[in-house]
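Working notes, structure below.
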Protein chains: 2
Amino acid sequence: MINQTKITLVGAGPGDPDLLTLKGLKAIQSADVVCYDALCNEALLAHAPNHALKIYVGKRANQHKMKQSEINLLLVQYALTHGHVVRLKGGDSFVFGRGHEEMSYAESFNIPVEVVPGVSSAIAVPELQGVPVTHRGISQSFWVITGTTSSGELSKDIALAAQSTATLVILMGMNKLSEIVQIFRLHGKIETPAMVIQNGSLPNEKVAVGTIETIESAVVAHQLGSPAIIVIGNVVGLHAHFAEMAYTSNDETWTSSFEITTH
Amino acid sequence: MINQTKITLVGAGPGDPDLLTLKGLKAIQSADVVCYDALCNEALLAHAPNHALKIYVGKRANQHKMKQSEINLLLVQYALTHGHVVRLKGGDSFVFGRGHEEMSYAESFNIPVEVVPGVSSAIAVPELQGVPVTHRGISQSFWVITGTTSSGELSKDIALAAQSTATLVILMGMNKLSEIVQIFRLHGKIETPAMVIQNGSLPNEKVAVGTIETIESAVVAHQLGSPAIIVIGNVVGLHAHFAEMAYTSNDETWTSSFEITTH
């Protein structure tokens with residue numbers, strides 16, 4: 001006797017296990033199988049019942065990544081043999097998460113699928129650094145783009161984004177950072193603020209802040225690697241990094257004018 | 001003796017109270033004051049301690065909306081007089097939420113501010129309708145734009161979005177729907193799928209699905225009003241609405257060919 005066959009796609013949020021939703025928590029608590037990957041915080045598995053299988057479906061060092069078609073099939077098999085399968089994904093399942101492919105595949109076997117939205121890293125990770133993707137008077141839109149398209153090439157949308165007033169958020173783009181920077185340079189935007197965040201929302205979070213001109217050297221200086229989130233746009237100028245610079249520079253101005261008035 | 005002075009900006013998610021994060025829940029549970037507005041589900045107030053004040057800071061019928069400067073000041077006053085203030089906002093505080101303004105203002109009084117990201121309606125509301133903002137082979141980016149800019153005019157980014165391959169998500173755009181549709185028509189995109197969702201994630205959710213050509217009449221037919229979320233792009237073609245249409249049309253094709261082969 002197994003639980004009712006069902007698959008729930010749960011967005012686990014950016015990394016901090018407390019950024020899971022209550023609905024996501026309830027799903028995990030009633031899971032017979034949890035299939036998770038590299039971007040999920042493994043602390044979330046502790047919410048699953050003792051009897052639940054915990055299946056890793058991500059990439060391991062020295063091993064091939066499981067293909068999407070293999071994951072799709074695995075979810076269906078476990079649902080039919082074990083009952084309630086929770087598919088736990090970093091961020092939100094429908095933001096570059098291939099969640100819809102898993103949903104369609106399972107539905108083609110007549111298996112009920114529920115989707116539980118998660119906190120997307122694209123918004124939350126800059127936010128936790130004090131940078132809003134939109135801000136009145138600075139940016140009235142944001143554009144979220146993958147750096148790694150299925151063809152392997154950089155998305156043409158990045159050139160269009162460089163001409164817009166949108167805040168640009170690039171996921172999976174670290175190995176294309178030089179190309180991205182070059183596009184913004186070509187559009188004369190070398191002074192546009194830019195930041196890169198690795199392990200956002202986690203205790204080992206790392207950040208590099210600068211401008212299009214300086215961001216690549218900042219990334220090297222702070223030893224950031226993949227996966228990381230790249231944010232480009234004037235809203236990044238709200239980061240404390242720039243406030244400190246402005247404070248220092250105002251202070252110098254004040255000192256100079258003080259000297260002038262006393263001489 | 002009051003709790004330590006502190007302000008926590010909590011994103012409440014799109015409406016379903018179970019789409020609050022665990023971190024957001026803990027913040028509300030330790031609040032002395034909760035300031036909430038129209039887009040928050042009032043069911044969330046039940047998580048607050050009995051002693052906590054619940055202050056509505058949104059728009060009421062026949063009353064003026066509280067100005068942002070008044071809200072900023074209120075948060076600071078309550079933090080200084082009552083301790084821990086939770087500012088509860090629909091969706092995420094940093095997505096058209098003016099959360100950064102509240103944060104900066106409070107920090108200028110040396111009051112500690114924490115931000116708890118929420119599930120953004122921009123992603124979650126289409127997702128709950130089965131529409132992913134990105135999908136391999138269909139859309140490798142999404143662009144979130146406000147329909148109502150601070151100047152009152154339609155954002156110029158919408159014309160740029162109409163030329164991109166991005167999924168376009170427009171918040172607060174219902175009173176500009178005709179203008180938006182017109183821009184897509186001018187770019188020859190009358191067949192692009194489009195949908196409008198009101199009260200997303202709630203029991204009274206309403207949806208209109210169609211194309212640029214038909215979406216305005218679908219909105220009228222389903223009696224949708226503000227606030228609602230507009231989604232334009234080929235990913236909307238993944239909505240069940242289109243699958244049903246394709247099924248009907250395939251079925252007819254099959255019938256025709258059957259007739260041909262038997263005659």
Restricting the first residue to the stretch A:7-21 and requiring it to be more than 14 Å from B:Val119 (Cα to Cα) and in a strand (DSSP E or B), which pairs with a second residue that is of a type in the set (Phe, Trp, Tyr) and modelled with pLDDT of 95 or more meet a Cβ separation below 9 Å and a spacing of at least six or different chains? A:Ile7/A:Tyr78; A:Leu9/A:Phe94
Being assigned to a helix (DSSP H, G or I), free of Cβ contacts under 8 Å to residues at least 40 places away in the same chain and aromatic (Phe, Trp, Tyr) narrows it down to one residue among A:Tyr78, A:Tyr105; which is it? A:Tyr105
So for the stretch B:87-95 (the condition being within 30 Å of A:Thr8 (Cα to Cα), polar (S, T, N, Q) and either surrounded by fewer than 24 Cβ atoms within 10 Å (Cβ to Cβ) or at pLDDT 95 or above (or both)), does at least one residue qualify? yes
Identify all residues within the stretch A:149-159 that are surrounded by 20 or more Cβ atoms within 10 Å (Cβ to Cβ) and more than 7 Å from chain B (Cβ to nearest Cβ); write none if there are none. A:Leu154, A:Ile158
Could you check, for the stretch B:108-130, whether at least one of its residues is more than 26 Å from B:Gly15 (Cα to Cα), buried (at least 22 other Cβ atoms within 10 Å of the Cβ) and at the interface with chain A (Cβ under 7 Å from one of its Cβ atoms)? no
Scan of the stretch A:81-102 for residues that are assigned to a loop (DSSP other than H, G, I, E, B) and closer than 22 Å to B:Asp18 by Cβ, ordered by number: A:Gly83, A:Gly90, A:Asp92, A:Ser93, A:Phe94, A:Val95, A:Gly97
In the stretch B:177-227, what residues are under 27 Å from B:Gly90 (Cα atoms) and basic (Lys, Arg)? B:Lys206
With the structure loaded, tell me whether B:Ile138 is more than 7 Å from chain A (Cβ to nearest Cβ), of a type in the set (A, V, I, L, M, F, W, C) and in contact with a helix residue (DSSP H, G or I) (Cβ under 7 Å, 6 or more places away or on another chain) or whether it fails that test. yes
Among residues of the stretch A:160-189, those that are surrounded by 15 or more Cβ atoms within 10 Å (Cβ to Cβ) and over 17 Å from the mean Cα position of the chain (by Cα), counted: 11
Scanning the stretch A:22-44 residue by residue, the ones that are under 30 Å from A:Gln129 (Cα atoms), free of Cβ contacts under 8 Å to residues at least 24 places away in the same chain and either more than 10 Å from chain B (Cβ to nearest Cβ) or basic (Lys, Arg) (or both) total 2
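The values are calculated or read from the model by the stated rules, or taken from the named source; none is laboratory data. Keep in mind that this is a model prediction, so the values were computed, not measured. Glycine gets a Cβ as well: all are built from the backbone with ideal geometry, and neighbour counts include every protein chain shown.
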